[in-house]
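See structure below.
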Amino acid sequence: METPQRLAYLFRRYMEKNCTPREKDELFALILQAEHDDTLRRLIAETWNEAHPSYPQDKSRADTILREIISKNAAEPPPETPTNRHSLPTVRFTSLHTILFNRWAACFLLFIGIFTLTRFLLHRPHHPAALLSPPPAVTAQVQPADRCLTLPDGSKILLHKTAKLDFQSGFTASRREVTLHGEAYFDIHKDTRPFIVHTGAIRTTVLGTAFDIDANNEHDIVITVTKGKVKVENDKGEFSILHRNERLSVDSSRLQKMAVNAGETLVWKKSWLLFNDVTMQEAMDTLARRYHLVVAYSNPAAQSCPVTATFSGGETLGEMINVLTKINNMNFSIDRDHVLITGDGCK
């Protein structure tokens, strides 16, 4: 077998961990001979490409590895002769221990060991540079959440996810105006000043009511009323009056009204409860429908006490009733599905 083929054979045997001690001695004796550099460079490239097929090891990279190995032995250069500056003296190896004490051979063994370990640890191809770089930082993706705003006039606005509301602080003496981008639920505080919501070319006017406006697409706006009534008009002067459980779709400035069940269609706000200056009876009736309760009052006059509160849906039934009763100095007790409200309440 010719020397290059013999070197390739021994190199493969070593990488497969099938090399005998005698073959290891023979392998490193061949490696130390400069005339086998090209063969060694080719073997390194082939072995690298087998372990990392997505990142081929080119001649330049193989040269870099080989120069790094050879440079480790630069401190102990071989003697030169005038006839052949690249020839190396004959080296006799009696055991593998002798090779390990040679600085060049030790460096090469270190490279082979690291390379072999990397082959078995990697589950998929990686660029060599990635092994020297820290892993990329992972940024947590935070999903936008619904949020409730209380405006200067006491109105409550529940913004859906990325919705935005623009308004002047304090409003004016004659009107309250806001501009909506996205979808929001409005529970408007009663006031002599009209409350106007601008969404693109559509204007919605109310005095005191609750409704939802979906203006995610300003060319296809949907207004749904849950209580009270609103007036919706476009830039052409056309308008429509909406009452409870009515919906108006505005498509290319056309007004189309229909009857709906507002509580069922506004799925996104079902977990929220907005009580804005309502009576205790109205608030407790809302809880009674949601939790199938029977509510009684020790003092019937307490039913008319006003309450204002907002619940996001994360509260327990007891926590919500506790807030509603404490507003007007009342107490309560729960026995299964029966709730008793006690105390004189507001006076």
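The values are calculated or read from the model by the stated rules, or taken from the named source; none is laboratory data. These numbers come from a predicted model, not from an experiment. Cβ atoms come from the backbone with ideal geometry, glycine included; neighbour counts cover every protein chain shown. The protein model used for the area step is the full one, side chains on, heavy atoms only, and it has no ligands, DNA or RNA in it. Shrake-Rupley method; radii C 1.70, N 1.55, O 1.52, S 1.80 Å.
Just a few scattered comments:
- Picking from residues in the stretch 157-179 that are basic (K, R) and assigned to a strand (DSSP E or B), the one that is modelled with the lowest pLDDT is K161.
- Taken over the stretch 160-197, the residue count meeting the criterion of being surrounded by fewer than 16 Cβ atoms within 10 Å (Cβ to Cβ), in contact with a His (Cβ under 6 Å, 6 or more places away or on another chain) and either among the polar types (S, T, N, Q) or within 12 Å of F211 (Cα to Cα) (or both) is 1.
- Every residue from the stretch 329-347 that is open to solvent by less than 50 Å² (accessible area, probe 1.4 Å) and under 17 Å from F275 (Cβ atoms): M330, V339, I341, G345
- Of all residues in the stretch 299-321 being loosely packed, with under 15 Cβ neighbours inside 10 Å and of a type in the set (S, T, Y), the one that is farthest from W268 (Cα to Cα): S304
- Looking at K236, K270, K231, K326, just one residue is modelled with pLDDT under 90, surrounded by fewer than 18 Cβ atoms within 10 Å (Cβ to Cβ), of a type outside the set (S, T, Y) and within 27 Å of D146 (Cα to Cα), and that residue is K270.
- Criterion (of a type in the set (A, V, I, L, M, F, W, C) and either over 22 Å from T310 (Cβ atoms) or at pLDDT below 90 (or both)) met by exactly one of A201, A184: A201
- Lone unmet requirement of (1) under 19 Å from N331 (Cα atoms); (2) touching a residue at least 12 places away in the same chain (Cβ under 8 Å); (3) assigned to a helix (DSSP H, G or I) for A296: (3)
- The set of residues in the stretch 16-25 being in a helix (DSSP H, G or I) and either modelled with pLDDT under 70 or surrounded by fewer than 17 Cβ atoms within 10 Å (Cβ to Cβ) (or both) consists of P21, R22, E23.
- The stretch 245-265 - residue that is touching a residue at least 24 places away in the same chain (Cβ under 8 Å), of a type outside the set (A, V, I, L, M, F, W, C) and part of a strand (DSSP E or B) and, of those, surrounded by the fewest Cβ atoms within 10 Å (Cβ to Cβ): D251
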